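The block underneath contains the structure these notes are about, expressed in structure tokens.
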Amino acid sequence: MSTDRRDAAILAEGVRKHYPGRGAALDGLDLAVAPGTVHGLLGPNGAGKTTAVRILATLVRLDGGSARVAGCDVASDPARVRARIGLAGQHAALDEVLSGRQNLEMFARLHHLRARAARRRAGALLERFDLEAAADRPVRNYSGGMRRRLDLAVSLIRGADVLFLDEPSTGLDPRSRNEVWNAVRELAASGTTVLLTTQYLEEADRLCSRISLMDRGRVVAEGSPSELKARVGGSRLEVAVPAGRDLAAAAGSISAALCAAPEIDPAARRISAPVRGGVGALGRLARTLDEAGLQADDVSLRRPDLDDVFLRLTAGPIREGKGR
Ligand SMILES: Nc1ncnc2c1ncn2[C@@H]1O[C@H](COP(=O)(O)OP(=O)(O)OP(=O)(O)O)[C@@H](O)[C@H]1O
Ligand SMILES: [Mg+2]
């Protein structure tokens, strides 16, 4: 694991959690998150993502192992952890009748800010999350993306060193999702450490500098998005062979050029093969096809994506249709 444990803003070591009669929700979770980064917990249903977040946010007690957040132990020092963190779950307790500004001021007062300080804090957060235009409209008229940004603002009333986001963009349309992503990026750029859970491979890919892939209560793979993709193998070349050309001969040429065993799909007239050596191999291939008198209708290079990583490394399928 590349994050230095001494400097980690979030550190979990061998964390266990059992719910009676249900087996292990967490079965030795290890996690180290560098300060000021966005770290993703990615995994199928029931992998233990929410349980991990709830333990780190001190809402649930761990049964074994240890965890520190912003330098404080979650088991022995939960109050100090709570003073340093923000948490945005899926269902924030926003008052639908109040405006965004009024909601923020209310939460600020609940956190013991005086009236004037609460107003200032609300104003600053509305500006930060680009909600000024809608600030005085009732929350029931907000779009999903505006709501989620208001959730983020509420979770940061006190100014958090570490922010936990459980599925921050589930149920949002692509535009709203982008707005939330931008808000999260800005938070990390200003030094906040963000741990988010997600079911969306694209979200993990675009937003997180590192990802811990969870399955059955533990981390089964950890790395940057590109490191994880590299683990499932290199790029594949896909060639569509025009009708009337000899498919087997084309496969032979491709095999010779790439020094790899191709897979042939006769029905689709497609040949695919792993590519090592990047552009050099493509150059060789182009010459080979040319010399063999073949015209590739369609030559493409497919890089592995996080779907490949997910399917290769976890047992469960990603939840389908959730919010999409
Ligand atoms: N309060 C609870 N009581 C009993 N079992 C629980 C409780 N919370 C979670 N579990 C169980 O613990 C396991 C992990 O659940 P968790 O909610 O952490 O998974 P998740 O990765 O967040 O899943 P999802 O993608 O569906 O949100 C599951 O088997 C779940 O049924
Ligand atoms: Mg969950």
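Computed from the coordinates by the stated procedures, all read-outs in this text should not be read as laboratory data. In this text, all values refer to a predicted model and were calculated from it rather than measured experimentally. So basically every Cβ, Gly included, is an ideal-geometry build from the backbone, and we count neighbours across all protein chains shown.
A few notes on this one:
- Neighbourhood net charge (9 Å Cβ-Cβ; Lys/Arg +1, Asp/Glu -1) for R302: 0
- Think of the chain as a dipole: +1 on every Lys or Arg Cβ, -1 on every Asp or Glu Cβ, centred on the Cα centre; then among A108, V38, L313, A108 lies furthest on the positive end.
- Protection proxy ranking for 45-56, 68-79, using the average of other Cβ atoms within 10 Å per residue and placing the highest first: 45-56, 68-79.
- Within the chain, longest stretch free of exposed GluC sites (Glu not before Pro) [DSSP loop, at most 11 other beta carbons within 10 Å]: 97-319
- Between A260, A268, A230, the Gaussian network model of the chain with springs among Cα atoms under 10 angstrom shows the greatest mean-square fluctuation at A268.
- Computed magnitude of the charge dipole of the chain (debye, nearest 20; Cβ of K, R +1, Cβ of D, E -1): 1140
- Net charge over other residues, Cβ less than 13 angstrom from the Cβ of C259 (K, R count +1; D, E count -1): +2
- Within a Gaussian network of the chain (alpha carbon springs, distance under 10 Å), most fluctuating of L156, L125, L247: L247
- For the pair E13 and R312, the difference between a 0.36 nm per residue extended length and the Cα-Cα distance amounts to 105.2 nm.
- In plain terms, the chain from S209 to S255 could stretch by 12.9 nm, reckoned as 0.36 nm per residue minus the Cα-Cα distance.
- Placing +1 on each Lys and Arg Cβ and -1 on each Asp and Glu Cβ, with no other charges, gives region 136-238 a dipole about its Cα centre of roughly 120 debye.
- Placing a label point 7 Å from the Cα of R175 along the Cα-to-Cβ direction, the residues of region 127-143 with a backbone N closer than 18 Å are 130-135, 141-143.
- nm² value of the averaged projected area, convex hull over the Cα atoms of region 131-192: 4.5
- About its Cα centre, region 1-51 has a charge dipole of approximately 220 debye under the convention of +1 per Lys or Arg Cβ and -1 per Asp or Glu Cβ, with nothing else charged.
- Here is how the number arises for the chain: DSSP H runs of 4 or more residues each give -39500 (n - 2.57), the sum is divided by the residue count, and the result at 222 nm is -10500 deg cm²/dmol.
- The chain: C-alpha pair distances exceeding 30 Å, %: 46
- When only alpha carbons of region 235-303 are considered, Rg and Dmax amount to 10.5, 30 Å.
- Whole-Hz couplings from phi, Karplus 6.51/-1.76/1.60, listed for region 30-38; x for Gly and Pro: 10, 7, 9, 10, 6, x, x, 10, 9
- The chain: relative contact order as a whole-number percent, Cα under 8 Å and 6+ apart: 20
- Among beta bridges identified by DSSP and lying wholly in the chain, the antiparallel ones come to about 65 percent.
- R0 of 30 Å, Cβ-Cβ distance R6-V220: FRET efficiency to nearest 0.05: 0.75
- Extension gain from A93 to A115, taking 0.36 nm per residue of separation minus the Cα-Cα distance: 5.9 nm
- Projected label points at D30 and V279, each 7 Å from Cα along the beta carbon direction, are separated by 3.9 nanometres.
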